[in-house]
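Take a look at the structure below.
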Amino acid sequence: MKIAPLLLAGLIGGCAPAGDSSAQAVKTPSRPATAERALAIEGPRLAFPVACDIGKTCEVQNFVDRDPGPGAEDYRCGSQTYQDHGGVDIRLRDMAAQAAGVNVLAAAPGRVARLRDGVADISVKAPEAPPLAGQDCGNGVVIDHGDGWETQYCHLARGSIMVKQGDQVAAGRPIARIGLSGNTEYPHLHLSVRNAGSMVDPFAPDMAAGTCAAGAPGDGLWAPEAAKAMAYKPGAVLNAGFAATPLTMEAIEAGHINAPMLQSPMLIAYVRAINLQGGDIQKLVITAPDGAVLTEATQPALDRAKAQYMFFTGKRTPAGGWKPGSYSATYSVERAGKAAITQTFAITL
C-alpha cells in the first residue's frame, strides 16, 4: 500500500490498520519510489498535529520505516512500524472517541495546496466497504510550507474538512477531524512529511537513508513540546478497564463496554496494548477491596511483535454478589527480564 502525494484531482495513497493481535499489521502510506535523503537543512518546525493527549486519549502507533529492504525498523531500530510505512500514525483509543470528534491541526504555517473529501468513513475490513480505487489516503489535506516542504494529513472524517484550497493556515489551526476514511480499520491520523517530493522522517530528518540508531533522541523537526509528547515508548496501553462479560477486539474498538455492577455475571479486567515485542510476557492481576488477589493470569511469551494485543482475565460473581468497594487491576509487561510497561486501574462497585 502506498500513499503518494495528493494530486489536485484527488488524494492518492494509502494506509492500512492493525486490526488483529498478530504481528505489526497496522499499515499506512509507504515511502515514495524516490528514497529518503539524508538532510542537513532546516525544515519547518512541526507542532503536534492532533487535539488529543498522548498517553490518555491517543498514542503513536507507527513511525516511518527506515529499513530499505523487506524488513521494517523505526528510527530507534525498533519494531514500531511496518514495511514501507512512510509517515507517523497517531491513533485514537476507539471509535467512540472518533465519533465524539477529535480535531486534526496544521503542524506548521502554510498554504492549503490540495485536498479531497467525500470518501466514506468505514473500516477496510467491513464486508460492505467499497473498493479504495486508489484513494488509500481517504479524505486528506496537503499543506505547502514553502521551500519544497509539505505535510499531508490522511484518513480524515468525511465532511469534516474546515479549509479550502488556497487558504493560509497558522500552526495549530484545526483543518479537519480524524475519521476512518481510506485504507484503515481504526481511527487515526497519518501524517506524511515531504521535501522536494521525497519522504522525510520527521523524527530523524538528518539521519542517512536506510539507517537507524537505538539512542536517537527523535526531536527532529518537532517543536520541543511535540517531541516531548511523542517521546519513544516501549509499547503502550491503549485501552484498560473493567467489563461485565468477556470481550472481543471489536467491542473494545467500538468503545461501548458495559461496566460491571455488584450483581453482574462476572468481573472482567481487560487491556489492549500496542507495539509489544516478541518475547514479551504479560500479566494481569485483579485485587479485591481488602487487598487480596482475586484472580491473576499470565500470557506465554509472545512469538513475535504485535501491533496490538487484547488480554483479559476475570472471575464469576459469587453468590450474593460482589462486596462493595474499590477493585483494582494491574497490567504488566516483562521484557528481557525487566518491567517494560506497568499500569494500574480501578473501579468502585
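The values are calculated or read from the model by the stated rules, or taken from the named source; none is laboratory data. Keep in mind the model is a prediction, meaning the values are calculated, not measured. Please note: Cβ atoms are built from the backbone with ideal geometry, for glycine as well, and neighbour counts cover all protein chains shown.
Tabulated data
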{"item": "Selection within the stretch 248-265 - buried (at least 18 other Cβ atoms within 10 Å of the Cβ), more than 19 Å from the chain's Cα centre (by Cα) and in contact (Cβ under 8 Å) with a residue 40 or more places away in the chain", "result": "Pro260, Ser264"}
{"item": "Test: residue in the stretch 144-161 that is buried (at least 17 other Cβ atoms within 10 Å of the Cβ), over 16 Å from the mean Cα position of the chain (by Cα) and of a type in the set (Val, Ile, Thr)", "result": "yes"}
{"item": "Pair list, Cβ under 8 Å, 6 or more apart: the stretch 318-339 residue on the phi > 0 side of the Ramachandran plot and surrounded by fewer than 17 Cβ atoms within 10 Å (Cβ to Cβ), other residue assigned to a loop (DSSP other than H, G, I, E, B) and of a type in the set (A, V, I, L, M)", "result": "Gly321/Leu262; Gly325/Ala288; Gly325/Leu349"}
{"item": "Selection from the stretch 104-163 of residues that are modelled with pLDDT of 95 or more and acidic (Asp, Glu)", "result": "Asp117, Asp121, Asp144, Asp147, Glu150"}
{"item": "Some residue of the stretch 57-70 being hydroxyl-bearing (Ser, Thr, Tyr), out of contact with any strand residue (DSSP E or B) (no Cβ under 8 Å at 6 or more places or on another chain), closer than 23 Å to Ala273 by Cα and modelled with pLDDT of 95 or more", "result": "no"}
{"item": "Failed item in (1) on the phi > 0 side of the Ramachandran plot; (2) crowded, with 19+ Cβ neighbours inside 10 Å, with Met199 passing the rest", "result": "(1)"}
{"item": "Ala319 being over 24 Å from Glu59 (Cα atoms), out of contact with any helix residue (DSSP H, G or I) (no Cβ under 6 Å at 6 or more places or on another chain) and not assigned by TED's automatic domain parsing to the domain that holds Ala204", "result": "yes"}
{"item": "Scan of the stretch 216-264 for residues that are assigned to a loop (DSSP other than H, G, I, E, B) and of a type in the set (A, V, I, L, M, F, W, C), ordered by number", "result": "Ala216, Leu221, Ala223, Met230, Ala231, Ala244, Leu247, Ile257, Ala259, Met261, Leu262"}
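For every residue, the table says whether it meets (1) within 30 Å of Cys77 (Cβ to Cβ); (2) not assigned by TED's automatic domain parsing to the domain that holds Gly320.
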position	(1), (2)
Ala170	no, yes
Arg194	yes, yes
Phe203	yes, yes
Met207	yes, yes
Gly210	yes, yes
Ala243	no, no
Met249	yes, no
Met261	no, no
Gln277	yes, no
